[in-house]
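Below is one structure, written out as structure tokens; comments come after it.
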Amino acid sequence: MKALKKRNFLALKSGERPLVKSAYRSIIASVIARYKFASDFAKGKTVLDIGCGSGIGLGFLAESADVVVGTDYSEETVEYARKNNDNSNLSFEVMDCKDLKFDDGEFDLVTSFNLIEHIHEQETFIQEVKRVLKPNGIFICSTPNTTVFNPGGQYYHFHVHEFTLSELKTLLGKYFNEVKIFGQLYNSAEARILFHPLNKHLYRLKELSGPLKRFFPLMRVIIVYLFSREKPSDITENNCPVISEKPEAAPTLVGVVRNT
């Protein structure tokens with residue numbers, strides 16, 4: 001239990017559950033872009049977001065939908081999300097994504113961004129999503145494209161299994177007849193540094209205790225400035241578009257399926 005709590009803490013403070021003050025603006029921008037993309041499907045709908053993390057971006061769903069429920073297995077994360085999101089039609093629940101405490105066919109739209117690569121029972125998760133979706137409901141999910149995100153084949157330590165485009169399409173197609181895979185781009189100099197193989201070693205400084213941890217934000221600013229002269233404030237969700245062309249070349253895959 002102590003190890004799990006530590007893992008939750010590290011995930012909340014890292015890009016795995018990004019906070020608004022994340023050191024990498026590209027991560028925040030990419031999350032917001034995914035939620036804005038999903039909000040186009042949410043108008044007047046009852047929406048479930050699985051693996052909501054700190055709640056970044058859920059406000060866009062809440063502005064469009066009638067009801068939005070965010071779930072995460074981490075009590076710490078849900079507590080943070082509740083304190084930092086005040087939309088009247090938005091609520092948060094602590095819940096296991098493989099055992100959702102909702103009725104069959106309860107939601108018009110289910111979203112889950114960059115969660116599936118973290119769990120072992122991935123098919124059980126997809127089965128639960130299908131169960132809580134209404135007939136003709138929409139499921140939107142995202143996950144790193146391991147072909148681009150991790151070409152070396154060694155997963156980031158928070159990830160259980162990363163997907164190629166064909167793997168994701170096969171898994172979703174096993175349970176849904178209508179499957180469309182999009183790609184999300186990261187068009188900023190910071191993002192190019194973020195996805196550089198050496199960045200994984202730099203990023204581990206965030207998980208250290210003591211003085212070294214304090215150097216991470218400063219090192220990030222120095223490196224990005226030296227290589228790009230790019231300010232974090234210049235990076236927005238417009239740098240992270242979700243597109244239909246050549247998703248296999250994008251760092252992140254976005255699946256959109258209909259429960260027919």
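The values are calculated or read from the model by the stated rules, or taken from the named source; none is laboratory data. Since the structure is predicted, the reported quantities are computational estimates derived from the model, not experimental observations. We place every Cβ from the backbone using ideal geometry, glycine too, and count neighbours over all the protein chains shown. Calculation scope for accessible area: heavy atoms of the full protein, side chains included, ligands and nucleic acids excluded. Shrake-Rupley method; radii C 1.70, N 1.55, O 1.52, S 1.80 Å.
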| message | What aspartates and glutamates does K36 reach when the alpha-carbon gap must be under 14 Å and sequence neighbours fewer than 8 apart in one chain are set aside? | response | D49, E63, E237
| task | Skip the ligands, DNA and RNA, and give the accessible area per residue of the stretch 15-84 with a 1.4 Å probe, whole Å². | result | 39 Å²
| request: Report the far tail of the P(r) of the stretch 99-139, meaning the percent of Cα-Cα pairs longer than 12 Å. | output: 57 percent
| note | Answer in debye to the nearest 20: the dipole magnitude of the stretch 49-185 about its Cα centre, from +1 Lys/Arg and -1 Asp/Glu charges placed on Cβ, is 440 debye
